Amino acid sequence: MRIVMMALGSRGDIQPFAALAAGLAARGHAVRLLTYAGFADLVEGRGVTLVPVDGDIREDLGSEAAQKMFDEGASPLAVAGAIRDVSERYAPGWAKALLEAARTADLIIPAGATSFIGATVAEKLGIPYVQAYPQPNLPTRAFPSPLAPPPKTKPSGFANWLQSWAVALFFWQVFRPGVNRIRRDVFDLPPYPFPGPYWRMQRDGGPVLFGHSPSVLAKPDDWPAAAYVTGYWFLDHPEWEMPFELAEFLAGGPRPIYVGFGSMMPGDAAATSAKVVAAVRRAGCRAILAGGWGGLKPDAPAPDIFWLDGAPHDRLFCHVDVVVHHGGAGTTAAGLRSGVPAVVVPFLADQFFWAWWLEKMGVSGGTIRHRELDAERLAAAIRLAMEDPAIRQRAAFLGRRIRDENGIAEAVRVIEGAVGQVEARAEP
């Protein structure tokens, strides 16, 4: 098959879809992935053709609108404003690029927020598409929307369902003017109705893939049959060689903890770094501190803190005792697979959901919103994650379950089967 995928966002957003693309390529499919040129390393040597699109997500996250998103944390309004600011600049170009790339394709797989563009291109060209998401964002009674602040009390099933639809419709209204403008001006198609395209997507009956583990969050009973919780889509890095200095640090004492916030950009990186270093010392442990896009870094070299810009989580987390992270879907998955407890410092969007869910599962030492981060609270959460045997046992058990899964193989099976069904229906 000739498959075109589109994935946009930060590295954590794109990496699972690069892994899925590589899995499809390994099965002999010709796969093209439309994403930012800066992420070419994710598919290099994996049989996937990268098609670069306009934009620089790191620069966009540093914009004024994005900084408001970080400052206001879980507010859907802040997140929506930042997304709208980026999409208004780039979405018409993204749509044209996907249309051109998909002209000879057999299947489109739009990832996450690109689903509206992907569905429109598929409609224009008359080819099937498969939706794919890293978050469990179909409405359900089983849990609240992952894109809204988590509940402070246990919600009812109806409240969960209603909130999920409300959040979906809210974000659709943010996208609606731009998407409908693209449908009219680029594709010569009628606009989607005010409630959005969700009814049409369900009517089409195509598969909806969710790249998280059923051991973490099982498929709810009220999801449609075409929804599949496949397991995580991991992109492993067996070729990575550990720097000598890091190997020396690991060998020089007890297992350290890991602290890293990925692509998140705290307003004052020096102040955040100082709080983290102070917490590590109050907790009485050693730490690997990953700088990430936020620029975390201790103010001076120290024997108990090893700083690095970044490293593949699949190769690093197996050497640490606790993973302190921002709650992004990809980092959450890697931490859970490693079998060690988490401490989550969420900044925005679904990070709060994953932080809340890990606490419910009993595999986390606690959640501290990034705006409320202080050394004493972080140290207490780290100590709990390090010392509580029940938390550690549950994390280890869950890690073994996840390592036994093969989310990419399951997703590929569903994709191949779905296209086969479409082709069978098309035969006279």
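Values quoted throughout were computed directly from the atomic coordinates according to the rules given, and no laboratory measurement underlies them. Treat the numbers as computed from the prediction; the structure is a model and nothing was measured. Note: ideal-geometry Cβ built from the backbone for every residue, glycine included; neighbour counts use all protein chains shown.
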>> To test your reading of the geometry: what angle, between 0 and 90 degrees and rounded to tens, separates the Cα axis of helix 11-26 from the longest principal axis of the chain?
In response: 60
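What order do you get for 156, 115 when you list them from fewest to most C-beta neighbours inside 10 Å? It would help to have the intermediate numbers written out before the result.
Working: 156 9, 115 22.
By the 10 Å Cβ count, ascending, the order reads 156, 115.
Counting other Cβ atoms within 10 Å of each Cβ, which GluC sites (Glu not before Pro) in the stretch 84-191 have at most 10 and sit in a DSSP loop?
Of the GluC sites (Glu not before Pro), not one in the loops of the stretch 84-191 has a Cβ with at most 10 other Cβ atoms within 10 Å.
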> Around residue 366, which amide H atoms from residues at least 5 apart in sequence, or from another chain, sit under 5 Å from its own amide H, with H modelled in the peptide plane?
Replying inline: 344
>> Report the Cα centroid-to-centroid distance between the stretch 98-165 and the stretch 229-271 in angstrom, as an integer.
In response: 30
> Across the stretch 213-220, in residue order, what do the Karplus-derived ³J(HN,Hα) couplings come to in whole Hz, using 6.51 cos²θ - 1.76 cosθ + 1.60 with θ = phi - 60° and x for Gly and Pro?
Replying inline: 7, x, 6, 8, 8, 6, 5, x
> Expressed in nm², what is the orientationally averaged projection area of the convex hull enclosing the Cα positions of the stretch 92-144?
Replying inline: 4.3
> Under unit Cβ charges (Lys, Arg +1; Asp, Glu -1), what dipole magnitude, rounded to 20 debye, does the stretch 244-403 have relative to its Cα centre?
Replying inline: 520
>> In whole Hz and in residue order, list the ³J(HN,Hα) couplings for the stretch 328-345 that follow from phi through the Karplus curve 6.51 cos²θ - 1.76 cosθ + 1.60, θ = phi - 60°; x for Gly and Pro.
In response: x, 4, x, 5, 4, 4, 5, x, 5, 4, 5, x, 10, x, 10, 10, 10, 10
> In terms of modelled amide H atoms, which long-range or inter-chain residues lie less than 5 Å from the amide H of residue 54?
Replying inline: none
>> Charges at C-beta only: +1 for Lys and Arg, -1 for Asp and Glu. How large is the resulting dipole of the chain about its Cα centre, in Debye rounded to 20?
In response: 960
>> Using only the alpha-carbon atoms of the stretch 244-403 as identical scatterers, what base-10 log of I(q)/I(0) does the Debye formula give at q = 0.09 Å⁻¹?
In response: -0.24
> Between the helical axis of 115-125 and the dominant principal axis of the chain, each derived from Cα atoms, what acute angle in degrees is found, rounded to the nearest 10?
Replying inline: 30
> By how many degrees, 0 to 90 and rounded to 10, does the Cα axis of helix 157-185 deviate from the longest principal axis of the chain?
Replying inline: 60
>> If you filter the stretch 222-305 for GluC sites (Glu not before Pro), then keep DSSP loop positions with at most 10 other Cβ within 10 Å, what is left?
In response: 239, 241
> How about the stretch 242-324: which chymotrypsin sites (Phe, Trp or Tyr not before Pro) there are in a DSSP loop, with at most 14 other Cβ atoms within 10 Å of their Cβ?
Replying inline: none
> Given a cut-off of under 8 Å on Cα pairs at least six residues apart, what relative contact order in percent is computed for the chain?
Replying inline: 16
>> Name the residue from 131, 156, 28 whose Cα lies farthest towards the positive end of the charge dipole of the chain, charges +1 on Cβ of Lys and Arg and -1 on Cβ of Asp and Glu.
In response: 156
> So for the chain, taking the charge dipole from beta-carbon charges (+1 Lys/Arg, -1 Asp/Glu), which of 1, 169, 209 sits furthest toward the positive end?
Replying inline: 169
>> Helix-only mean residue ellipticity at 222 nm, the chain, DSSP H runs n ≥ 4 weighted -39,500 (n - 2.57), per residue, nearest 500. What is it?
In response: -15000 deg cm²/dmol
